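Here's the structure, in structure tokens; my notes come after.
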Amino acid sequence: MTPDKALRRIAFLLEWRGASPYRVRAFHTAAEAVRDLPPGPVDAERVRGLRGVGPVTAEVIAQASTGSVPRYLARLQAETGPDAEAGWALAAASTGDCHLHSDWSDGGSPLEDMAAAARALGHQWAVLTDHSPRLTIAHGLSPDRLRSQLRAVAALNAERGDGFRLLTGIECDILEDGSLDQDEDLLDRLDIVVASVHSKLRSEPGPMTARLLAAVRDPHVDVLGHCTGRLITGRGRPQSRFDAEAVFTACAEAGTAVEINCRPERRDPPDDLLLQAAAAGCRFAVDTDAHAPDQLRWQSSGYARAARIGLGADRLITTWPLERLLADRSG
């Protein structure tokens, strides 16, 4: 038991119990702060000087640094019971992440750093999904810039040769008519396409349903990203309204995965729609939507949500080996 692992486990169990995203994030932030802490006992007061470490997390760190199970973690484990172990095992089975951003669009880090962080987590693969052209506020990629990025990703993969692969992709805007915001010939070249709505999120249910149905049935689309567009922290944003039964049925029929977005401010889809998508027979992608390397660690919260409704690894494409992921897409 190391301090960062103890803090991540606590964050997972809090997510499992439905704790607030602020509380969950506090433990992830503290875990990042002590990730490179040298082995051996540390004093709680000393680590409280680290950014993002408060009184509770400092006690966890101090207790875990001696190799023992922190009291906070032991209490949570006793309260959640054995079912939570299935969720932790599901998180451990993760092989990749279908949704991450680099500084080519609105991320804060080079694609090389995002790839290195994914590999450090034990991922076999991760998909670079920077934004498409019309999302100008996020510096979306024009066709020419996307072509340049494809070359950069190919060069990175050729250089590394360590078994990890950064896949080519895009988070493609779903336009008002349901079409995709990128040239079709470029979409054909990508490994994975995540399609998301970023505009007119408060449209009436009828037009929004038609918009989503057209997108999830498009043969280029592999994942429906943050399907309601809601934000649940800060000023917040209400979820989009659409015929969920129709959209999720279409996803199941087309083989389009529904994203379980792990960003603390999203947790999208909400629990009721997540259950509805599961009942419809959908597959899912547990994605971080990471815009910085440390955010890739949010993925366990999505696996907690998946496990709570009984989803197994076979329905989670982010636990699939690379060969299966790509074969399914080409098939």
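Specify which of the listed residues (116, 154) is more than 21 Å from residue 263 (Cα to Cα) and of a type in the set (Gly, Ala, Ser).
Details: 116 fails: more than 21 Å from residue 263 (Cα to Cα).
Testing whether each residue is more than 21 Å from residue 263 (Cα to Cα) and of a type in the set (Gly, Ala, Ser) leaves just 154.
Of the residues 74, 19, only one is surrounded by 12 or more Cβ atoms within 10 Å (Cβ to Cβ), without any contact (Cβ under 8 Å) to a residue 12 or more places away in the chain and not in a helix (DSSP H, G or I); which? Outline the logic, then answer.
Numbers: 74 fails: not in a helix (DSSP H, G or I).
Answer to the selection: 19.
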Checklist entry - Taking the condition part of a helix (DSSP H, G or I) and either touching a Pro at 6+ places or on another chain (Cβ under 7 Å) or touching a residue at least 40 places away in the same chain (Cβ under 8 Å) (or both), does residue 272 pass? => result no
Checklist entry - Out of all the residues in region 106-163, which are touching a Cys at 6+ places or on another chain (Cβ under 8 Å) and among the polar types (S, T, N, Q)? => result 129, 132
Next on the checklist: List pairs: first residue in region 143-158 and free of Cβ contacts under 8 Å to residues at least 12 places away in the same chain and among the aliphatic types (A, V, I, L, M), second residue open to solvent by less than 40 Å² (accessible area, probe 1.4 Å) and not in a helix (DSSP H, G or I) anywhere in the structure, Cβ distance under 8 angstrom, at least six positions apart or on different chains.
Outcome noted: none
Checklist entry - For region 275-298, what are the residues that are assigned to a helix (DSSP H, G or I), within 19 Å of residue 222 (Cα to Cα) and under 12 Å from the mean Cα position of the chain (by Cα)? => result none
Item to check | Every residue from region 183-193 that is of a type outside the set (A, V, I, L, M, F, W, C) and buried (at least 20 other Cβ atoms within 10 Å of the Cβ) | outcome: 191
Checklist entry - Looking at 209, 256, 288, 233, which one is open to solvent by less than 40 Å² (accessible area, probe 1.4 Å) and at pLDDT below 95? => result 233
Checklist entry - Would region 89-108 turn up any residue that is open to solvent by 20 Å² or more (accessible area, probe 1.4 Å), at pLDDT 95 or above and not in a loop (DSSP other than H, G, I, E, B)? => result no
Checklist entry - What is the one condition in (1) surrounded by fewer than 16 Cβ atoms within 10 Å (Cβ to Cβ); (2) part of a helix (DSSP H, G or I) that residue 38 does not satisfy? => result (2)
Checklist entry - Inside region 140-182, can you point out the residues that are surrounded by 13 or more Cβ atoms within 10 Å (Cβ to Cβ), part of a helix (DSSP H, G or I) and of a type in the set (Lys, Arg)? => result 145, 147, 160
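The values are calculated or read from the model by the stated rules, or taken from the named source; none is laboratory data. This one's a predicted model, so the numbers in the text were calculated from it and none came from an experiment. Glycine gets a Cβ as well: all are built from the backbone with ideal geometry, and neighbour counts include every protein chain shown. Just the protein is used for accessible areas: all its heavy atoms, side chains included, with ligands, DNA and RNA removed. Shrake-Rupley method; radii C 1.70, N 1.55, O 1.52, S 1.80 Å.
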